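J.: The structure under discussion is supplied below as structure tokens; questions concerning it will follow.
The values are calculated or read from the model by the stated rules, or taken from the named source; none is laboratory data. From a predicted model like this one, the values you see are computed outputs, not experimental measurements. We place every Cβ from the backbone using ideal geometry, glycine too, and count neighbours over all the protein chains shown.
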Amino acid sequence: MKKKNKLLILGSLSIISPVLLSLSVSTTISNNEHNSIVNKAVMYKEGTTPSNPTDPKPVTPPKPKPVNAVDFGDFDKAFDESLKQELLKIKENFKLMVDARLDELGKDNDFPTPEKFEQILYARAMKEFLTTKFDKLMTYKELFDSGYRMVFPKMYGNSKNITLVAVKYRGNDYNPVGIGEGNPYDYKYLIDDKPVLKDKDGNEVKNLINIDPKEVPEVNANSKAEYIKLVTDYLQHFGKALQDIFFNKNDAPKYGKDFEIAIDKINTSIGFYNIKPLKYASWDEYIAEKTKIRFTEFDLEENVAYHQEQQQQNQPPIVPPAPADFFPETTEPAKPINPNIENIAPLEPLLNPVNLTKDEFENDYKSMAAGYDSNPALLEQKSKKWFYFNNPINIRYNYQVTKIVPNGKKYIATVLITDKANSSTKRFYNHDLDFKKYSYSSGMSRYVIYEEFRRIFESIYGAFKLDEKLNYNEIPDQSLRIDLFNAVYLAIKTFELKEFENEYEKLANKVGNSNGYSNALENSNAVKVEEYNQYLRKHTKALVSRFLEARGIRTGRDVKEDKPRTFWEFLSKSLEYVINGEPFKTSKGDYRILKLRQYLEDKTWEPKFKTFFDLYKKNNIKISETFSDLQTRTVNLRKISNQFLVSIDDRIKMITDVYDGFYNHASLFRLVDEAGQYKVINDDNKDKKEEYDKKTLPILKDLQNRQDNIQKDNFARNTTYSVLALLTALFGSFLVIAMFIIMKKKNIKISKTIISIASIISIIALAAFISILLLMIGVL
């Protein structure tokens with residue numbers, strides 16, 4: 001009997017489980033606030049010391065013997081106090097410098113090149129180094145142990161006697177250099193300093209301390225005030241030298257020498273590539289070594305400059321000689337070059353099979369080459385007909401064959417590269433032509449792959465509202481602008497890898513060398529040709545997708561975690577970052593939507609912007625609702641970014657939707673903010689109001705569409721839940737009735753307790769169904 005009662009209880013519970021499941025669906029949005037406020041720092045330089053008047057008949061008294069200051073023992077403490085004070089300014093200047101550098105790199109209109117990527121990579125790594133390493137250095141010892149050896153000023157606070165010597169460090173001579181007593185003030189640590197410099201023959205360049213045996217040590221006679229000035233000047237000069245020490249042009253990593261983008265493993269699903277410095281454990285280690293060298297050079301230069309000044313003060317003035325005659329400069333100045341276009345790959349011209357018949361492709365090239373440039377006006381047209389360049393990602397640059405000349409049995413083409421964003425930026429190069437490189441069918445298969453490859457990246461650019469000119473400045477956020485730049489550059493380097501080229505060739509040869517494809521092309525069997533082309537497009541998309549899912553892209557925000565991301569994760573995280581940060585935050589960290597709401601509720605605005613408010617009120621637009629929905633979509637985009645079963649087209653569609661929302665919300669926030677800042681509302685200029693409405697109305701229309709879609713989605717979701725609740729309630733009720741009938745036929749006695757429990761569960765299921773139904777009616 002107990003067993004039967006348990007059976008009835010379990011059957012009744014089956015009613016409520018799916019109902020409760022249908023009620024548990026909810027979305028939680030978690031927003032991470034990121035805000036960084038940097039205030040300007042001003043470094044100053046102290047004035048000069050006034051000169052003393054001279055007596056026409058001076059009596060020179062004997063010079064007193066130099067001695068150490070009475071309070072020499074307090075010098076070390078004075079150094080620590082000055083360091084603490086000035087180091088705060090140095091760190092603030094460091095932050096400003098790094099942010100300015102990143103901002104500068106994000107403003108130009110260059111297409112991804114190795115040089116640009118190297119600079120961004122180094123700047124991002126430097127920002128992380130500043131935050132995690134340099135910013136935490138507080139004392140002389142911590143600075144010294146990290147490579148920032150402030151030996152010169154510290155020496156004058158600890159050594160009672162100073163000897164002038166000559167130092168040779170990393171091939172450079174420093175003279176005179178003052179050295180003190182004991183380690184490290186005698187600078188002997190430089191002799192075995194790492195890293196070792198080698199000359200062009202691979203021999204080690206020795207660091208030397210040359211002490212003249214005749215040199216007599218001088219007494220350190222500085223007063224405390226003079227010592228404090230020495231330390232302060234040194235630290236302020238350090239603040240001014242930050243650019244040379246931390247962003248020296250010789251220290252930026254070079255692609256292929258200091259770092260590589262390398263596939264470690266490739267299989268049918270995913271590859272892995274990384275961007276770490278070669279021969280170093282991390283970018284922090286790379287930066288520490290480079291800046292240690294620069295700082296040591298800075299310390300030696302400060303030491304030399306101080307002692308040269310001391311020597312000059314003790315010497316009579318030098319009368320400069322009369323200027324010598326000279327010849328005018330006749331050397332022709334070097335012509336400026338555009339490093340961006342100078343580094344664009346000199347691609348091979350390939351015969352374009354789409355615009356040519358099989359006979360033209362395989363036989364007519366000789367007659368074409370003979371009179372190719374006979375009519376300059378037709379060069380562009382001829383180039384498009386006969387040639388294409390395998391350039392699916394770097395679409396900003398246009399390639400055109402301008403001349404073909406025979407060279408023995410071969411031909412050489414002159415190619416013009418033009419920047420579509422700036423037609424005056426161009427260059428020429430020569431490249432061998434191989435008219436027999438591919439058969440007609442093999443050439444056609446490669447062109448179909450190229451077209452699909454290009455279509456994918458045009459769609460990605462289109463998702464960010466960029467046309468073929470790829471003007472990154474149109475993206476209204478510096479961080480997102482740089483991230484997209486980096487993502488595109490890394491995609492370019494990924495598809496240059498040997499692993500991709502091998503897969504590309506396999507696919508092209510599989511179709512291009514098949515008899516079926518060749519026969520279909522030759523017989524103009526359009527249906528069969530399209531079948532083969534669809535196969536190529538499908539597998540090209542899969543191939544590109546697999547390599548875009550290779551993990552390796554890291555933002556400056558990910559360096560500490562060392563979590564390389566896929567191309568899609570990288571873009572989704574970048575979008576999530578900017579949507580939950582600037583330009584949607586105020587200086588106090590609050591979302592600008594709060595400020596926007598204040599403007600929209602300000603009655604003085606309404607008569608000034610009647611058109612704007614009419615549409616805003618008529619359509620009951622709720623900015624907080626559309627912005628909240630945008631955040632939800634951004635989270636969803638990030639969640640699917642590391643799922644491998646999502647198609648490229650679906651990914652691009654979701655990125656387009658999120659970026660459109662970001663772009664329009666950001667634009668509206670900016671326009672409203674500008675209106676408040678420049679007091680447009682108090683201006684009765686009709687043209688200004690019309691111009692403002694012209695900018696804001698399309699944005700409001702988009703937000704209205706988004707709000708309508710939110711309501712439709714909510715209705716569809718609630719309808720689904722209601723149907724699910726109804727089905728589960730009916731199923732549960734049917735199950736209870738069936739069990740009662742079976743138990744009655746078999747004369748199974750049912751206790752009142754079981755009947756009561758079953759009734760309660762049925763009532764709960766019915767109540768759940770009614771509540772969801774009411775929710776749906778409320779939406780209606």
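J.: Restricting to segment 452-499, give me the number of residues that are aliphatic (A, V, I, L, M), in a helix (DSSP H, G or I) and within 15 Å of TYR397 (Cα to Cα). Break it down into steps so the answer makes sense when it comes.
T.: First, the residues of segment 452-499 that are aliphatic (A, V, I, L, M): 456, 460, 463, 466, 470, 475, 480, 482, 484, 487-488, 490-492, 497.
After this cut, where a residue has to be in a helix (DSSP H, G or I) as well, the list is 456, 460, 463, 480, 482, 484, 487-488, 490-492.
If we keep only those that are within 15 Å of TYR397 (Cα to Cα) too, we end up with 488, 492.
Residues in segment 452-499 being aliphatic (A, V, I, L, M), in a helix (DSSP H, G or I) and within 15 Å of TYR397 (Cα to Cα): 2 in total.
J.: Also, I was wondering about something else. Identify the residue in segment 162-179 that is out of contact with any strand residue (DSSP E or B) (no Cβ under 6 Å at 6 or more places or on another chain) and in contact (Cβ under 8 Å) with a residue 12 or more places away in the chain and, among all such residues, is surrounded by the fewest Cβ atoms within 10 Å (Cβ to Cβ).
T.: GLY171
J.: While we're on this one: Just wondering, is there one or more residues in segment 414-429 that are surrounded by 13 or more Cβ atoms within 10 Å (Cβ to Cβ), not in a strand (DSSP E or B) and not assigned by TED's automatic domain parsing to the domain that holds LEU105?
T.: Step one: of segment 414-429, the residues surrounded by 13 or more Cβ atoms within 10 Å (Cβ to Cβ) are 414-422, 425-427, 429.
Okay, now just the ones that are also not in a strand (DSSP E or B), so 420-421.
Going one step further and asking which of them are not assigned by TED's automatic domain parsing to the domain that holds LEU105, we end up with 420-421.
Checked segment 414-429: at least one residue is surrounded by 13 or more Cβ atoms within 10 Å (Cβ to Cβ), not in a strand (DSSP E or B) and not assigned by TED's automatic domain parsing to the domain that holds LEU105.
J.: In segment 492-503, which residues are touching a helix residue (DSSP H, G or I) at 6+ places or on another chain (Cβ under 7 Å) and surrounded by fewer than 21 Cβ atoms within 10 Å (Cβ to Cβ)?
T.: PHE495, PHE500, GLU503
J.: Looking at (1) surrounded by fewer than 19 Cβ atoms within 10 Å (Cβ to Cβ); (2) within 28 Å of the chain's Cα centre (by Cα); (3) outside any strand (DSSP E or B), can you tell me which one LYS436 breaks?
T.: Exception for LYS436: condition (2).
J.: Still on this structure, please answer the following. Can you go through VAL635, VAL646 and tell me which one is assigned to a helix (DSSP H, G or I), β-branched (Val, Ile, Thr) and either assigned by TED's automatic domain parsing to the domain that holds LEU700 or modelled with pLDDT of 70 or more (or both)?
T.: Answer to the check: VAL635.
Let's see how each residue does on (1) touching a strand residue (DSSP E or B) at 6+ places or on another chain (Cβ under 7 Å); (2) modelled with pLDDT under 90; (3) buried (at least 17 other Cβ atoms within 10 Å of the Cβ):
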{"site": "ASP483", "(1), (2), (3)": "no, yes, yes"}
{"site": "ASN515", "(1), (2), (3)": "no, no, no"}
{"site": "ALA526", "(1), (2), (3)": "no, no, no"}
{"site": "LYS560", "(1), (2), (3)": "no, yes, no"}
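The rows are residues; the columns are (1) under 44 Å from the mean Cα position of the chain (by Cα); (2) closer than 21 Å to ALA78 by Cα; (3) modelled with pLDDT of 95 or more; (4) not hydroxyl-bearing (Ser, Thr, Tyr).
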site: ASP135; (1), (2), (3), (4): yes, no, no, yes
site: TYR140; (1), (2), (3), (4): yes, yes, no, no
site: SER146; (1), (2), (3), (4): yes, no, no, no
site: ASN158; (1), (2), (3), (4): no, yes, no, yes
site: ASN161; (1), (2), (3), (4): no, yes, no, yes
site: ALA166; (1), (2), (3), (4): no, no, no, yes
site: ARG170; (1), (2), (3), (4): yes, no, no, yes
site: ASP173; (1), (2), (3), (4): yes, no, no, yes
site: PRO176; (1), (2), (3), (4): no, no, no, yes
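J.: Here is a further query. Any idea which residue in segment 621-637 is nearest to SER545 (Cα to Cα), counting only those that are surrounded by fewer than 17 Cβ atoms within 10 Å (Cβ to Cβ) and in contact (Cβ under 8 Å) with a residue 60 or more places away in the chain?
T.: Looking at the filtered set, the residue picked out is THR632.
J.: Are any of the residues in segment 380-402 touching a Ser or Thr at 6+ places or on another chain (Cβ under 6 Å), part of a strand (DSSP E or B) and either more than 22 Å from TYR438 (Cβ to Cβ) or not assigned by TED's automatic domain parsing to the domain that holds GLU458 (or both)?
T.: Restricting attention to segment 380-402, the residues satisfying the condition of being touching a Ser or Thr at 6+ places or on another chain (Cβ under 6 Å) are 398, 400-402.
If we keep only those that are part of a strand (DSSP E or B) too, we end up with 398, 400-402.
From the residues that got through so far, the ones that are either more than 22 Å from TYR438 (Cβ to Cβ) or not assigned by TED's automatic domain parsing to the domain that holds GLU458 (or both) too are 398, 402.
Scanning segment 380-402 turns up at least one residue that is touching a Ser or Thr at 6+ places or on another chain (Cβ under 6 Å), part of a strand (DSSP E or B) and either more than 22 Å from TYR438 (Cβ to Cβ) or not assigned by TED's automatic domain parsing to the domain that holds GLU458 (or both).
J.: Can you say whether ASP264 is acidic (Asp, Glu) and either outside the structural domain of ARG149 (by TED's automatic domain parsing) or at pLDDT 90 or above (or both), as far as the supplied structure shows?
T.: Yes; evaluated as a whole, the condition is true for this residue.
J.: Check off (1) farther than 29 Å from PHE152 by Cα; (2) of a type in the set (A, V, I, L, M, F, W, C); (3) at pLDDT 85 or above for PHE298 and give me the number that stays unchecked.
T.: Answer for PHE298: the failing condition is (1).
J.: Across segment 267-285, which residue is surrounded by the most Cβ atoms within 10 Å (Cβ to Cβ) among those that are among the hydrophobic types (A, V, I, L, M, F, W, C) and modelled with pLDDT of 80 or more?
T.: Among residues in segment 267-285 that are among the hydrophobic types (A, V, I, L, M, F, W, C) and modelled with pLDDT of 80 or more, the one surrounded by the most Cβ atoms within 10 Å (Cβ to Cβ) is TRP283.
J.: Restricting to segment 201-217, and then to whatever is within 12 Å of LYS188 (Cα to Cα) and among the aliphatic types (A, V, I, L, M), can you tell me which residue is surrounded by the most Cβ atoms within 10 Å (Cβ to Cβ)?
T.: Taking the candidates together, the pick is ILE209.
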